[in-house]
2 protein chains.
Amino acid sequence: MQMSEASTVGQHSLAGADQALADGVLARQRRALAKAITLIESSRADHQVRAQQVLASLLPHTGKAIRIGISGVPGAGKSTFIEALGIHLIERGHRLAVLAVDPSSSVSGGSILGDKTRMETLCQREEAFIRPSPSAGSLGGVAEKTREAMLLCEAAGFDVIIVETVGVGQSETTVAGMVDMFCLLQLPNAGDDLQAIKKGIVEIADMVVINKADIDPRAAQVVRAQWNNALHMLRHASPNWAPPVITLSALHKEGIGDFWAKVEKYRQALTPTGEFEARRQRQSIDWMWSLIDSGLRQYFRNHPAVRRDLPGLTQAVTQGRTTPAAAAYKLLGDLRTDSPSE
Amino acid sequence: MQMSEASTVGQHSLAGADQALADGVLARQRRALAKAITLIESSRADHQVRAQQVLASLLPHTGKAIRIGISGVPGAGKSTFIEALGIHLIERGHRLAVLAVDPSSSVSGGSILGDKTRMETLCQREEAFIRPSPSAGSLGGVAEKTREAMLLCEAAGFDVIIVETVGVGQSETTVAGMVDMFCLLQLPNAGDDLQAIKKGIVEIADMVVINKADIDPRAAQVVRAQWNNALHMLRHASPNWAPPVITLSALHKEGIGDFWAKVEKYRQALTPTGEFEARRQRQSIDWMWSLIDSGLRQYFRNHPAVRRDLPGLTQAVTQGRTTPAAAAYKLLGDLRTDSPSE
């Protein structure tokens, strides 16, 4: 009975305090939401168990928001854009949560969203919830917390989730892997497209936004044409969506409506074909396997026989005294011969 | 005593037939080498055990060749180039083995090196050994066999190993991960550099060779300048090596000496700094971990409790009834609760 096994997962009964927390999230209490996210971000083992139980109980109430990733280099105007977008959406009856993925925040003290004054107007609105990046260290860790915080925000009734990230290293690919639509925020500088091509993020962009177009409208049009060329050269993931390139000025609140119209068009284009839902399912399965892979590595490294043999075999491989295949074979054999509880 | 554990790995005593095989390889007998590679490529479990034993016994005689990767799209002139290079090297006292990595060969029947007549002159020479790509299916499988075949060729006294691959998907990164120097063979077509940047292979190129430069010398110079620009923009792995861009004509045997001079210069630049050896050590450790990771996945998937729970949990995650984290946690817990031998 595989299904009964699996379907019990979401049906823990919660302890009193945690039940109150879950109820508070569902009742759209900001404090409860903030507290639940803090619980999820905690590295304490007992907190993690409780967090997973709270999350499981809220799961039926998640998934109804549209999840949008916004990436751009420092100075691209992400905060100004998100603030303008947020106000635009609130005026139209939406509720907006803004999260961040910034693996460098534990070092730098939080380069994005850390300073809430950067979104002054937005953070005073009841319809908006802004949360800086968890400072959990590794990108994988930060991403996992953010994915779970996203689910909590959905349970708290936010129907638009923005995940902000800086264009550094793997963080863009990671964010693209947790949102419905991934948008690149660019400055009207020629040559940026080459950087994006180089980093392989042209393939993952569902929309390109050229901000600060008011400063030099002519340059913005040139860059827009370059981006259209770059996107045209590459086959995008969906035959039903050609990633648009738009220009706007977040500072002057010009083009925000156009941006949102494209988001709605995207959802309308890919929902009937099943691609919208299929992307989420693929993301969930990928996420599960990435957690399994890192768990397997940990299980492997903690195994007593592996701990005993790994240093010597690593050295033997490095010195060419044994082949990588022979070493791997021996270490994998260790898993079978000794009990991990020894 | 970790070291005694590890150092015994290479010291199996071989069965009679396998001892004769290993001796034949060391005695530089072509038939023995071909037979040993066939043993390595076999998917039979008993063959694999024997192959690893033969390989382990030959390990002290490996590592003395220079390993060069040659990549290029179909039509770039790889075969003509390798043939010209091979003859050039043989005339200077070298012995040359040519292997191929082509994960598509099991489907296409072997698009590279499959037809030996493509290197007519070279394959008649005693000093050259040409072996088509193993048709093992996955890129990982093909790569593993090729790495091991490379070691056998070194034991058989070949001092130059060429690993040829087509510029498709991940195969270039894979080949760059098993050779000392990775060379891109390009046609004098403007725009090729953009493709290479897009695929992230500019970063892994240690040299760029523009072939067929005789057809349009002017275009070749333009493309050469473009490549120099592209390479200049990116910081290369070593501060002691700026990847050169050379033009040549393999058909007219022009520029082959220049190519080889660059290879020797590369080795001379990176050997005293320790980078040459460090790259090989890193490749071996990476290879070991990639075999461990795939072994762990297999161990996981074969575990009785995982086999029981995985389908239901995968479905629950897909349908949003449980979180990826909860499912991963449950499945990793399965490894601990049940014995794999149940």
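The values are calculated or read from the model by the stated rules, or taken from the named source; none is laboratory data. Source: prediction; values computed, not measured. All Cβ positions, glycine included, derive from the backbone under ideal geometry; neighbour counts span all protein chains shown. Just so you know, the surface numbers come from the protein's heavy atoms only, side chains and all, with ligands and any DNA or RNA stripped out. Shrake-Rupley method; radii C 1.70, N 1.55, O 1.52, S 1.80 Å.
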So what's the back-of-envelope 222 nm ellipticity for chain B, counting only DSSP H runs of four-plus at -39500 (n - 2.57) apiece and dividing by all residues, rounded to 500?
-16500 deg cm²/dmol
Run the label-point distances for B:Asn240 please: 7 Å along Cα to Cβ, every other copy, nanometres, shortest first.
5.6
Closest approach to the B-A rotation axis by any Cβ of B: residue and distance in angstrom?
B:Leu296, 2
In segment A:264-295, the GluC sites (Glu not before Pro) that sit in a DSSP loop and have at most 16 other Cβ atoms within 10 Å of their own Cβ are none
For A:Phe182, the residues 5 or more places away or on another chain with a placed amide H closer than 5 Å to its own amide H are A:Gly69, A:Asp206, A:Met207
Put the label 7 Å from Cα along Cα→Cβ for B:Pro304; what are its distances to the other copies, in nanometres, shortest first?
2.3
Taking the simple approach of a point 7 Å from Cα along Cα-to-Cβ for both B:Ile215 and B:Glu277, what is their distance in nm?
4.4 nm
When the charge dipole of chain B is computed with +1 on Lys and Arg Cβ and -1 on Asp and Glu Cβ about the Cα centre, the Cα farthest towards its positive end, among B:Ser79, B:Leu89, B:Thr273, belongs to B:Ser79
Could you work out the pair-distance distribution P(r) of chain B from its alpha-carbon pairs, with 20 angstrom bin width and percents rounded to whole numbers?
27, 51, 21, 1
Mean per-residue count of partner chain Cβ within 10 Å for B:49-56 equals 2
Give me the dipole magnitude in Debye, nearest 20, for segment A:129-182 about the Cα centre, with unit charges on the beta carbon: positive for Lys and Arg, negative for Asp and Glu.
180 debye
Relative to the first principal axis of the alpha-carbon coordinates of chain B, what is the inclination of helix B:139-155, with its axis defined by its Cα atoms, in degrees from 0 to 90 and to the nearest 10?
60 degrees
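With a ≥ b ≥ c the root eigenvalues of the C-alpha gyration tensor of the protein assembly as shown, is it rounded (a/c under 1.5), prolate (a/b larger than b/c) or oblate?
Values: a/c = 2.50, a/b = 1.39, b/c = 1.80.
Oblate shape, in that a/c is at least 1.5 and b/c is the bigger or equal ratio.
How large is the dipole of chain B about the Cα centre if only Lys and Arg carry +1 and Asp and Glu carry -1, each at its Cβ, rounded to the nearest 20 debye?
I would put it at about 300 debye.
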Against the longest alpha carbon principal axis of chain A, how many degrees, from 0 to 90 and to the nearest 10, is the axis of helix A:324-337 turned?
70 degrees
Residue order for B:Leu310, A:Leu85 - accessible surface, 1.4 angstrom probe, largest first
B:Leu310, A:Leu85
For the pair A:Arg267 and B:Gln48, how long in nm is the line joining their label points, each one 7 Å along Cα→Cβ?
4.9 nm
Pick from A:Ile90, A:Ile70, A:Ile40: which residue has the top mean-square fluctuation in a GNM of chain A where Cα pairs under 10 Å get a spring?
A:Ile90
Hey, which of these cross-link pairs are over 32 Å Cα-Cα: A:Lys78/A:Lys145; A:Lys35/A:Lys212; A:Lys35/A:Lys262; B:Lys35/B:Lys265?
A:Lys35/A:Lys212; A:Lys35/A:Lys262; B:Lys35/B:Lys265
Counting only protein heavy atoms, what percent of the accessible surface of the protein assembly as shown is carbon or sulfur at a 1.4 Å probe?
52 percent
How big is the A-B contact in terms of buried accessible area, both chains counted, 1.4 Å probe, rounded to the nearest 100 Å²?
5400 Å²
Rough spin-label spacing in nm, given labels placed 7 Å along Cα→Cβ, for B:Gln315 and A:Asp159
3.3 nm
Suppose R0 equals 60 Å; then what is the FRET efficiency for B:Arg30 and A:Glu126 from their Cβ-Cβ distance, rounded to the nearest 0.05?
0.15
Rounded to a whole number, the mean other protein chain Cβ count within 10 angstrom for residues of A:278-290 is 4
Given a 10 angstrom Cα cut-off, can you work out which residue in B:Ser171, B:Ser249, B:Ser290 is the most mobile in a GNM of chain B?
B:Ser290
How many Å² of accessible area per residue for the protein assembly as shown, probe 1.4 Å?
44 Å²
Among A:Arg280, A:Arg125, A:Arg321, whose mean-square fluctuation peaks in a Gaussian network model of chain A (Cα, cutoff 10 Å)?
A:Arg321
Give the nm distances, rounded to one decimal, from B:His47 to the matching residue in every other copy, measuring between label points 7 Å along Cα toward the beta carbon; shortest first.
5.5
